[in-house]
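Take a look at the structure below.
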Amino acid sequence: MSIVPKTNIRRPFLTARWSNLAILTYEVPPALLAPHLPAGLELDSRRGSAFASLVAFDFEDTRVRGVAWPGFRRFPEINLRFYVRQGARRGVVFIREFVPQPFVSWLARAIYNEPYLVAPIESGVAEEEHVVVTIRGLRWRGRSHAIEVTGHKPAFKPGEDSEEHFFKEHQWGFGRDRRGRTLVYEVRHPVWDVYPVRSWSLDFDWAQVYGPAWGFLSAEKPASVLLAAGSPVSVYPRSRL
């Protein structure tokens, strides 16, 4: 009789499909990000500059510990994130994340201490033979905010040294627990294809949504606009750095 040794198999906390990610990226002063930077990390700059991205996308087929909760399998999210590094690990830190369901926000805050808030969000995606049109609308503090990005088909896979790859591919999420200690969790997915962007528009009051320090972005144009096709993703349990 042979004895099969036990193995410690890591299982994801959450699985889903993230689809049609509109990613609008802005160059920002490092001093703006410094208060949000967890201990042990450094800003992940490109060409000597720091960046933050407004990201709008859809969760589909969402499962927590393998269980699909009725009414919570499909929903949109809009978030603001910036880019960090811990040694060879490249990742993101979130400034604020919006979802329309209170339960999703509560779960993310309880398990990962992520800065989630609840707000009405509408998401519309229209696909035709040669184009993909994405429209996301956020209602916050009495004002409507809209993110629209249209891409050409077919999608393509940018090179690893490209700007597109830098802003869309990050395996690690970082944050802080309630005592201020740095947290890390892994996010796995295949390398995403992107649609060449044909047009975009943004009707967004940055100061109202993210605070006065971010208001200057209302007068700035993004350094990069991407539309990533997305894929299935797996999010793993957190640990302390």
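The values are calculated or read from the model by the stated rules, or taken from the named source; none is laboratory data. Every value quoted in this text rests on a predicted model; they were computed, and no experiment measured them. Note: ideal-geometry Cβ built from the backbone for every residue, glycine included; neighbour counts use all protein chains shown. Calculation scope for accessible area: heavy atoms of the full protein, side chains included, ligands and nucleic acids excluded. Shrake-Rupley method; radii C 1.70, N 1.55, O 1.52, S 1.80 Å.
Classify region 6-73 as rounded, prolate or oblate, taking a ≥ b ≥ c as the square roots of the eigenvalues of its Cα gyration tensor: rounded when a/c is under 1.5, otherwise prolate if a/b is larger than b/c and oblate if not. Oblate shape, in that a/c is at least 1.5 and b/c is the bigger or equal ratio.
Net charge of the neighbourhood of residue 104, taken over other residues with C-beta under 12 Å away and scored Lys/Arg +1, Asp/Glu -1, is 0. Eight or more residues apart or on different chains, and alpha-carbon atoms under 27 Å: count the Lys pairs in the chain matching that. Going through the chain pair by pair, I get 5. With the chain treated as a Gaussian network of Cα nodes joined by springs under 10 Å, which of 146, 88, 108 yields the largest mean-square fluctuation? Highest fluctuation among the options: 88. Size descriptors for the chain (Cα atoms only): Rg and Dmax, in that order, 18.1, 72 Å. Per residue, the chain reaches -2500 deg cm²/dmol at 222 nm when only DSSP H runs of four or more residues are counted, each adding -39500 (n - 2.57). Between residue 10 and residue 218, the modelled label-to-label distance comes to 4.2 nm, taking each label 7 Å out from Cα in the direction of the beta carbon. From the Cα gyration tensor of region 132-241, with a ≥ b ≥ c the square roots of its eigenvalues, which class applies: rounded if a/c is under 1.5, or else prolate if a/b is larger than b/c, or else oblate? Here region 132-241 falls in the oblate category.
Highest mobility in the GNM of the chain, judged by mean-square fluctuation with C-alpha springs under 10 Å and restricted to 154, 12, 222, is found for 154. Proximity of backbone amide H atoms, modeled 1.01 Å from N, is registered between residue 140 and 145 at under 5 Å, excluding neighbours fewer than 5 places apart on the same chain.
Modelled spin labels at residue 125 and residue 111, positioned 7 Å past Cα toward Cβ, are 2.1 nm from each other.
Using a probe of 1.4 Å on the protein chains alone, the accessible area found for residue 65 is around 140 Å². The residues packed around residue 208, meaning those with a beta-carbon under 15 Å from its beta-carbon, carry a net charge of +2 if Lys and Arg are +1 and Asp and Glu are -1. Within the listed set 94, 167, 204, the residue fluctuating most in the Gaussian network model of the chain (springs between alpha-carbon atoms under 10 angstrom) is 204.
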